[in-house]
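Structure record follows, encoded as structure tokens.
Any read-out appearing in this document is the output of simple, stated calculations on the displayed coordinates, not a laboratory observation. Here the structure is a predicted model, which means the values were calculated and not measured. Here the Cβ positions follow ideal geometry from the backbone for every residue, glycine too, while neighbour counts run over all protein chains shown.
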Amino acid sequence: FMNTTSPRIVPDTMAGHATAAAILRSGGLVAFPTETVYGLGADACDDRAVARIYEAKGRPSFNPLIVHFADLDTLKQHVVWTEEAEMLASAYWPGPLTLVLRKQPHSPISALVSAGLESIAVRLPAHDTARAILREFGGGVAAPSANRSGQISPTQAQHVADSLGARVDAILDGGPCKVGVESTIVGLLDKPLLLRPGGITEEDLARTLGHPLTVRHKAEAISAPGQLMSHYAPVARVRLNATDWEPGELRLGFGDVDCDLNLSASEDLVEAAAHLFDHLHRLDAQGGSVIAVSPIPHEGLGIAINDRLSRAAAPREG
Ligand code: TXA
Ligand code: MG
């Protein structure tokens, strides 16, 4: 499937979903909305299609991908299901949770998806458009966030077009994403391990499992596959926990503060997560050199927000 001009924007209609599924079947790349962020999808069983994801993102190939399914029965064919997976799936799927499970040895999912690991990350997204495309396609769709590697994640179709351009064959425009930060990732290869904070909070997961989760520490996370430290990086430098503003800074506020854009004037962390990437995109587009960000409470969804912000502020290579 070749595309040499700008990406094709596909409408959020039944015909659009059929077009998206047909492109996936022919080995193409389709960006589609999920409740968290837009995903850059390819047929998870097609080596060449999966390789095109890495190429389009400019992503280091050791960073494994999440596979998305429309229904639990299809998903279960590819993984070794466990009791804890059952508990978490029945509580949160469809929804912003990804589980890392052992891969079924006979699963036809491309080895490129898990970048050499014997596990795969799977999820059942809660977005109607994503579900419609996945149902129409029938199988697993590998989809990282639909942005160039290291850039800010996309929560709108236009963000995808700006970041990937003609590297993606089609973008299904389903409007802005409701959750706004990526899924929470829980490893279930051994004791449940929180690998990435996200749309479902650690407290919720602990309540469902009946005990606290082990949390992978940042230092380990950096050396583990796929957890590069500088990530979600705007062009501007990011200054965290700004309680006052310096001249010339682009001001990203939280709460009752005077600023250029406010994540949530009413200090609502759900609203702040939904605004996070869009506001970073918009401030960055103004071309300033520093984006200063108000402190965000480190609780609930604030933990996922602070994780993304600290990566956006991390020292960069080169
Ligand atoms: O909300 C989301 O999860 C979005 C939407 C599109 O579903 N996707 C997303 O994908 O955030 P991505 O590729 O940006 O992040 C995938 C993360 C990576 O950090 C990777 O290291 C981890 O999932 N991952 C994938 N497979 C894994 C595995 N087998 N073991 C451990 N971590 C894995
Ligand atoms: Mg990403």
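Quick notes on this structure:
- Coarse-grained scattering of region 237-313 at q = 0.19, 0.20, 0.22 Å⁻¹, given as base-10 log I(q)/I(0) from a Debye sum over alpha-carbon atoms: -0.69, -0.78, -0.96
- Electrostatic bookkeeping for His211 treats Lys and Arg as +1 and Asp and Glu as -1; over the other residues with beta carbon under 15 Å from its beta carbon, the sum is -4.
- Percent of Cα pairs exceeding the 25 Å cut-off, where the set is the chain: 47
- Calculated P(r) of region 42-161 - Cα pairs past 21 Å, %: 37
- Relative to the Cα centre, the charge distribution of the chain, modelled as +1 at Lys and Arg Cβ and -1 at Asp and Glu Cβ, gives a dipole magnitude of about 1000 debye.
- Calculated from backbone phi, Karplus (6.51, -1.76, 1.60) coupling profile of region 90-96 in Hz, x at Gly/Pro: 6, 7, 10, 9, x, x, x
- Computed across region 275-318, the Kirkwood radius stands at 11.6 Å (inverse of mean 1/r, all Cα pairs).
- Fraction of beta bridges assigned by DSSP in the chain that are antiparallel (%, nearest 5): 45
- About the centre of its Cα atoms, region 237-313 shows a dipole size close to 380 debye [charges on the beta carbon of Lys, Arg (+1) and Asp, Glu (-1) only; nearest 20 debye].
- Debye-sum result for region 86-240 in log10 I(q)/I(0), which assumes one identical scatterer on each alpha carbon, at q = 0.10, 0.15, 0.18 Å⁻¹: -0.41, -0.97, -1.40
- Note on region 1-59: semi-axes of the ellipsoid equivalent to its C-alpha gyration tensor, largest first and rounded to whole Å, are 18, 14, 12.
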